[in-house]
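Undergrad: My questions all concern the structure below.
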Amino acid sequence: MTRYLTALAAMLALICFSATALAAPISADSLARYPDMQSVSMSPDGKQLSAIIALPDSNNSETALATWNLEDMSQPPEITPSGDKMKFIAAASLKSDRVLVIGRQEWTGRLGGCGEGRVSGATRTFVSKAYLTDDKHKKFKEAFARNVRQLGVSKDTLKCLELAGEASLVDNLPLDPHRVIVQQLNSLTMQANYYLYDLRDDSTELLITATSRISPLLFDPKNGKVLAQSELKNTDRGYEQRVLIPDESGEFKVHEPLTTLLRDRHTVNVAGIDQDSGKLYVLTDQFSDQVQARMYDPKTRKFDDEPLVAHEEFSISGLVFGRQPFNFNQLLGFSFAGPDIETVYVDPEIRAIHEGLQNAFPDQNISIMEYTDQYSKVLFSASSHRHPPTYHILNDKKAVENVGSQRSWIDSDAIGEQRWVTYAARDGLEIPAILDLPAGWSEDDGPVPAVVHPHGGPWARDFTGWDASGWVPFLTSRGYAVLRPQYRGSAGLGRKLWLAGDAEWGQKMQDDLDDAAKWLTDQNIASKENIVIFGYSYGGFAAAAATVRPDGPFKCAISGAPVTDLGRLGRTWSDNRLQRILQGRTVRGMDPIQNTDKANIPVLLYVGDRDVRTPSWHAENFYKGVKDNVRARLELIPDMPHSMPWYPRHQTATLGLIEDFLKNECGIQPQA
């Protein structure tokens, strides 16, 4: 680490934009190699900092766990490289000088009783496992493990649990110096027990045993006591999602105002408790299209008449509570899911800190990640759509110390403007979208080639800011405009938009993407003959659907890790009961595999051979169905899983495929 210049003028000089000639396109390699630093965290006492770093002298091709002693920064960090098979992908500084680190490795074999992909018969996958170590990395052990194997458990299940682990961290309990809340999987019943876990000696105290119907919703942040439970109950009305709260005798009782029908898909998130009044903080969309923060009184069983916090356009995504003794459990602020996740602080002291950091890093999003007692140390990140995250520590509310950057080599001048826009679908529904433009482009320059880029999920959404996948800056730095529609069926932007996508796969959801292309031409951003569609996961489905829809607006399609067979997907949708009830019934519409004879535009399909979420047979069978009708290309990427982080070679290969296909197969290339 090096000292960050504290003079404001120097800060501005380091981050200002160049007005010189346009930068060269961002290379695939610069987006593919592992970040210099990621998954950064500070211990609650401010003595320790942990991160996943690029292993020194590896040319960012390997990862390592790094831990710094913040009380003696003259000493180098403790560094432990990933193993040959197991790679570190995430880390967190805990208390009692402990570090939690997540490792992931390839696994080939039967998945037994656990693991994503078991319902589709996949045998090539990845498994992740949590480990605990000390600040000197002297010993690594499976995190929070019971280390007791039960009789009657199959060999396959035991092998899966041995590889993937059977425990996870639930809450750090900030006032307890040594204990945390963990979840442990019972290998016999495959149900979870929740414990207080002592980091010093691995001793445990049972808090609650979950079942297929009942699970904890809220733990007391002081002592771990269960304050609310969720229960799934089949009634005459259908499945109810019930919330149970203990009465004065400690018996859990159903609270009707917090109970909803599962099919209605209302959000009811018990987010915290006000210690003085006993009222609960609840995030819910029962009163509005968007999620609001409301106060609920368990004694009177009533919500307050007015919301605690609400936003006219966007949902409240979270509440910020104090986690140190001086401000413990005080409401410090709230976050709302606007174009980006934005945090508004209502506490004057932390608000002043946030505003000061925002002034020091203009045009970047400041995220306060962790802080110590009285804000003597504040760990924060700064980022924007042109700047990958950088990490810093504010010491004594005065000096800013630079910790590191994810990708300091990215040239921000290669990345253009980003806008949050809306457009009207053909039936009048307003569709939000993120528009990214090539660097230096203006309306006077006229149309450029454009990519309509639907997100995965589909119950998800995009946010503005730095694109961790690298796809957007890769394309815009090459002169493409990229539009990311938040089509109907997207979650997190209101129930109306979300529910409108039910059973509309390849139909109205797809209309929204076609209408996005029309909007691009109406705005003179793109011309009709130079628009393509590129998506991954559900976005890959949308690209496959575009390939077989008649009279579409796209010149070609790029379909990454797609779903193409809705019939088979419905039979292997999920081994999670709630997800089957909630989402499985909404997966209906136009089935691409049944319409391959209608293929009318070139298509590139690619998928990893360790992808168990959208197995390769989706892409392979679709390719066989369309290859005699249109130019089609299928690439199976060795050892690539569905989700990031990918190996650098995966990113290099897929970005190269995209660039080559657009240029040589699709015939779209921006002018130099």
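The values are calculated or read from the model by the stated rules, or taken from the named source; none is laboratory data. Treat the numbers as computed from the prediction; the structure is a model and nothing was measured. Cβ sites come from the backbone with ideal geometry, for glycine too, and all protein chains shown count toward neighbours.
Undergrad: What number goes with the only condition from (1) part of a strand (DSSP E or B); (2) at positive phi; (3) in contact with a Gly (Cβ under 7 Å, 6 or more places away or on another chain) that residue 404 does not pass?
TA: Failing condition for residue 404: (3).
Undergrad: Condition check: assigned to a strand (DSSP E or B), among the aliphatic types (A, V, I, L, M) and at pLDDT below 95. Does residue 127 satisfy that?
TA: yes
Undergrad: Has region 145-168 got any residue that is at pLDDT 90 or above and within 24 Å of residue 80 (Cβ to Cβ)?
TA: no
Undergrad: Moving on. State which residue is nearest to residue 238 (Cα to Cα) when the search covers only region 564-585 and only residues that are modelled with pLDDT of 75 or more and not in a loop (DSSP other than H, G, I, E, B).
TA: Checking each candidate, the answer is 585.
Undergrad: Quick check on residue 377: is it over 19 Å from residue 464 (Cβ atoms), surrounded by 20 or more Cβ atoms within 10 Å (Cβ to Cβ), charged (D, E, K, R) and not assigned by TED's automatic domain parsing to the domain that holds residue 95?
TA: yes
Undergrad: A further question on this structure: For the structure I just gave you, tell me whether residue 362 is crowded, with 16+ Cβ neighbours inside 10 Å and either in contact (Cβ under 8 Å) with a residue 12 or more places away in the chain or of a type in the set (Val, Ile, Thr) (or both).
TA: no
Residues are listed down the side, and each one gets a yes or a no for (1) in contact with a His (Cβ under 8 Å, 6 or more places away or on another chain); (2) assigned to a strand (DSSP E or B); (3) surrounded by 15 or more Cβ atoms within 10 Å (Cβ to Cβ); (4) not β-branched (Val, Ile, Thr):
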{"site": "200", "(1), (2), (3), (4)": "yes, no, no, yes"}
{"site": "207", "(1), (2), (3), (4)": "no, yes, yes, yes"}
{"site": "222", "(1), (2), (3), (4)": "no, no, no, yes"}
{"site": "232", "(1), (2), (3), (4)": "no, yes, yes, yes"}
{"site": "240", "(1), (2), (3), (4)": "no, yes, yes, yes"}
{"site": "250", "(1), (2), (3), (4)": "no, no, no, yes"}
{"site": "253", "(1), (2), (3), (4)": "no, yes, no, yes"}
{"site": "257", "(1), (2), (3), (4)": "no, no, yes, yes"}
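Undergrad: Next question, about the same structure. So, in region 586-605, of the ones that are touching an Asp or Glu at 6+ places or on another chain (Cβ under 8 Å) and not in a loop (DSSP other than H, G, I, E, B), which residue ends up nearest to residue 619 (Cα to Cα)?
TA: This residue is 605.
Undergrad: Here's a follow-up. Test residue 561 against the criterion of being buried (at least 24 other Cβ atoms within 10 Å of the Cβ), at negative phi and either in the same structural domain as residue 661 (by TED's automatic domain parsing) or in contact with an Asp or Glu (Cβ under 6 Å, 6 or more places away or on another chain) (or both), and give yes or no.
TA: Against the criterion (buried (at least 24 other Cβ atoms within 10 Å of the Cβ), at negative phi and either in the same structural domain as residue 661 (by TED's automatic domain parsing) or in contact with an Asp or Glu (Cβ under 6 Å, 6 or more places away or on another chain) (or both)), residue 561 does not qualify.
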